[in-house]
Amino acid sequence: MSGEKPDGKPATRLVTGGRRKEWTGAGVNPPVWHASTLLFDSVADLKRGTARNQDGDYYYGRRGTPVQWALAEALTDLEPGAAGTMLYPSGAAAVACALLSVLEAGDELLITDNVYDPSRGFADSLLKRYGVTTRYVDPMADDPGALFGAKTRAILLESPGSLTFEVQDVPAFAAAAKAHGAVTLLDNTWATSLFFPAIEKGVDISIVAGTKYIGGHSDIMLGCVTAAPSAWPGLRTASQRLGQCIAPDDAYLGLRGLRTLDVRLRRHEASGLAIAEWLAEQPQVARVLHPALPTCPGHDIWKRDFTGAAGLFSIVMRGGGMDAVAAMIDDLTLFGIGYSWGGFESLALPVHPEASRSATEWSAEGPVIRLSIGLEDTDDLIADLAAGLERFEKAACRK
Ligand SMILES: *Cc1c(COP(=O)(O)O)cnc(C)c1O
């Protein structure tokens, strides 16, 4: 929306982005207007506004007011090379609209096999019904160019995958896609644009579930899609045609969360890494799937391409079954049991990678547990997990 080259380093842009005087007035932050109708001064003014059809013009509530525009612009400013950002009522809506903005009947879509299950569900149901074929591919494919066929129109990556954390060679996938005239979409929820500026790495459409780290407080649903200039007009039009918009309160909370993303994410990173390293030493844990640890597939790519690591990772247990997992997780005191992640509070979730794969095999030494490390004291979290691992071991031995 801004079109200008954003100034300053990412942490600075998080603070300055979207704070136009004409939107904020005397406040530091934009107002929260509950508005459907926006009033024009005259018929001539109405006509002028309709003809201009630009973001940032008062038009109608569905097109937003300063608080939504400020959030969108701040997100665009985080992605050097981006043309604009559209906002959605959830991350799932963001993935769906981003895909609909590039695909048509007869197209083939490639999706990496480690993708978030609802993205897979959308492709296998609605996209299929509208005549788009999906082919699932190995996220760690050596030769991305070989994956593209004559009908391939787009590829959806998720790096790292949000269950099994394979870090993909996004620049290589994007270059191969470009060579085949295909569009690259990336689910960038884990790293956010702060730790992985996707457009700069060759991605055309960068998707972030703002529900997670951008909101950061487990109190909003939010989807964000930032596009390169080539994909922006199509994304904007498709999203408007699909009636996508977000409530001003959610935009406000998203913007409020975004301002502190740098400090929160760095704390999630430090705590996540400390806990992942501790877990890697525990006898009950066979493997830690954390992009910043060498045991994670694609670790070298993470080192090359990312500027940080989020606090979400998985552990593969050594033996044991779901009973042992339940014995461990049920009585954790600081880790909640629930979906989503990226909030200030820690979560633990049993996950089942084998159930949402079709192109690659998932084989592991035992069940998989995903941890979202929150902002609690690391020693307290480790003590909680240590007691949990003892319960796991007892329950596993009883079998
Ligand atoms: C949570 C999540 C989504 C969907 O976001 P919602 O806001 O929950 O709809 C999409 N992709 C990934 C990787 C996610 O973790």
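Of the trypsin sites (Lys or Arg not before Pro) in the stretch 108-163, the ones in a loop by DSSP (not H, G, I, E or B) with at most 14 other beta carbons within 10 Å are Lys151. Loop-located chymotrypsin sites (Phe, Trp or Tyr not before Pro) across the stretch 281-364 with a Cβ neighbour count of 12 or fewer within 10 Å are Tyr339, with loop assigned by DSSP. The calculated 222 nm mean residue ellipticity attributable to helices in the chain amounts to -10500 deg cm²/dmol, summing -39500 (n - 2.57) over DSSP H runs of n ≥ 4 and dividing by all residues.
Computed 3J(HN,Hα) for the stretch 268-279, one whole-Hz value per residue from the Karplus formula 6.51 cos²θ - 1.76 cosθ + 1.60 where θ = phi - 60°, is 4, 4, 5, 5, x, 5, 4, 6, 4, 5, 5, 4, glycine and proline marked x.
Each semi-axis of the equivalent ellipsoid for the chain is √(5λ) with λ an eigenvalue of the Cα gyration tensor; in descending order they amount to 37, 25, 18 Å. 3J(HN,Hα) along the stretch 223-231, derived from phi through the Karplus expression 6.51 cos²θ - 1.76 cosθ + 1.60 where θ = phi - 60°, amounts to x, 9, 10, 10, 10, 6, x, 5, 9 Hz, with x in place of Gly and Pro. Cross-linked pairs Lys128/Lys201; Lys9/Lys212; Lys212/Lys303; Lys151/Lys212; Lys128/Lys151; Lys151/Lys201: Cα-Cα separations exceed 26 Å for Lys128/Lys201; Lys151/Lys212. Enclosing the Cα atoms of the stretch 264-330 in their convex hull gives a volume equal to 87 cubic angstrom per residue. Taking N as the residue count of the stretch 307-388, its C-alpha radius of gyration divided by 2.2 N^0.38 Å amounts to 1.14.
Any read-out appearing in this document is the output of simple, stated calculations on the displayed coordinates, not a laboratory observation. Bear in mind that the values here come from a model prediction, so they are computed numbers and not experimental data. Using ideal geometry, Cβ is built from the backbone for each residue, glycine included, and neighbour counts are taken over all protein chains shown.
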